[in-house]
Amino acid sequence: MANEFSLDSFVTNFGQNGGARPYLFRWSPQLSVGNAQSAIYMARATSLPESNIEEIQIHWQGMANKLTGARTYADWTITLLCDENWQIRTDFETWLSKINSYEGGGNFASKRSDYVTTQRLELLDYDLNPTKTVILNDAWPKAVGAITLDYSSQDIAQFDITFAYNYFTIG
């Protein structure tokens, strides 16, 4: 039977290593302030960015006809581990302050290029070679998440960074 659906044919379709693993990724950040090289090691978790195509409904004779509209890009969030000196968090707080000050709320970045960067996310194979690259263009941090402090925890402190961006490309 040519189109036999069996366990062997199912497993074969995932490749020799059994499919992609969610822990095989690398974030290559560009930071407006701070040390991007050390930030690479602080990445704990993220997701691939989301995009949607809006729909436009045109009604005619009581029926809705759906057409494609503009593409929109959802914010992208990455979870970072904190180093013992809190430097990674300080770098992002400084970046946010550069965009809009904590004291009094003014935009201190003289031009957009002072705070907008490119964020690169690579999906890796089992030999740690990139198999797919997602580049977030014109990205900037819009939120530095809370850190839960807990006397009973032995975990490393972590927090989320949420980026806004104009669009992404996939290579």
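The values are calculated or read from the model by the stated rules, or taken from the named source; none is laboratory data. Just so it is clear, the model here is predicted, and its values are computed rather than measured. Please note: Cβ atoms are built from the backbone with ideal geometry, for glycine as well, and neighbour counts cover all protein chains shown. SASA here: full protein model, heavy atoms, side chains in, ligands and nucleic acids out. Shrake-Rupley method; radii C 1.70, N 1.55, O 1.52, S 1.80 Å.
So ILE40 clears everything in (1) at pLDDT below 95; (2) β-branched (Val, Ile, Thr); (3) open to solvent by less than 30 Å² (accessible area, probe 1.4 Å) except one condition, right? Which one?
(3)
Here's the yes/no breakdown for (1) polar (S, T, N, Q); (2) assigned to a loop (DSSP other than H, G, I, E, B); (3) out of contact with any helix residue (DSSP H, G or I) (no Cβ under 8 Å at 6 or more places or on another chain); (4) surrounded by 11 or more Cβ atoms within 10 Å (Cβ to Cβ):
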position: LYS98; (1), (2), (3), (4): no, no, no, yes
position: LYS132; (1), (2), (3), (4): no, no, yes, yes
position: LEU136; (1), (2), (3), (4): no, no, yes, yes
position: ALA146; (1), (2), (3), (4): no, yes, yes, no
position: SER152; (1), (2), (3), (4): yes, yes, yes, no
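I need the full set of residues from the range 26-60 which are assigned to a strand (DSSP E or B) and touching a residue at least 40 places away in the same chain (Cβ under 8 Å), in order please.
Looking only at the range 26-60, we keep the residues that are assigned to a strand (DSSP E or B), and these are 26-28, 43-46, 51-60.
Selection gives ARG26, TRP27, SER28, ARG44, THR46, SER51.
Checking GLY18 against (1) open to solvent by 40 Å² or more (accessible area, probe 1.4 Å); (2) without any contact (Cβ under 8 Å) to a residue 24 or more places away in the chain: exactly one of these is not met. Which one?
With (1) open to solvent by 40 Å² or more (accessible area, probe 1.4 Å); (2) without any contact (Cβ under 8 Å) to a residue 24 or more places away in the chain applied to GLY18, the lone miss is (1).
Within the range 2-9, is even one residue surrounded by 10 or more Cβ atoms within 10 Å (Cβ to Cβ) and either closer than 27 Å to TYR165 by Cα or out of contact with any Pro (no Cβ under 6 Å at 6 or more places or on another chain) (or both)? So that I can check it myself, show each step before the final result.
First, the residues of the range 2-9 that are surrounded by 10 or more Cβ atoms within 10 Å (Cβ to Cβ): 9.
Keeping just the survivors that are either closer than 27 Å to TYR165 by Cα or out of contact with any Pro (no Cβ under 6 Å at 6 or more places or on another chain) (or both) gives 9.
Yes, some residue in the range 2-9 is surrounded by 10 or more Cβ atoms within 10 Å (Cβ to Cβ) and either closer than 27 Å to TYR165 by Cα or out of contact with any Pro (no Cβ under 6 Å at 6 or more places or on another chain) (or both).
If I filter the range 56-92 down to residues being surrounded by fewer than 16 Cβ atoms within 10 Å (Cβ to Cβ) and of a type in the set (D, E, K, R), which single residue comes out as nearest to ASP114 (Cα to Cα)?
The residue in question is ASP75.
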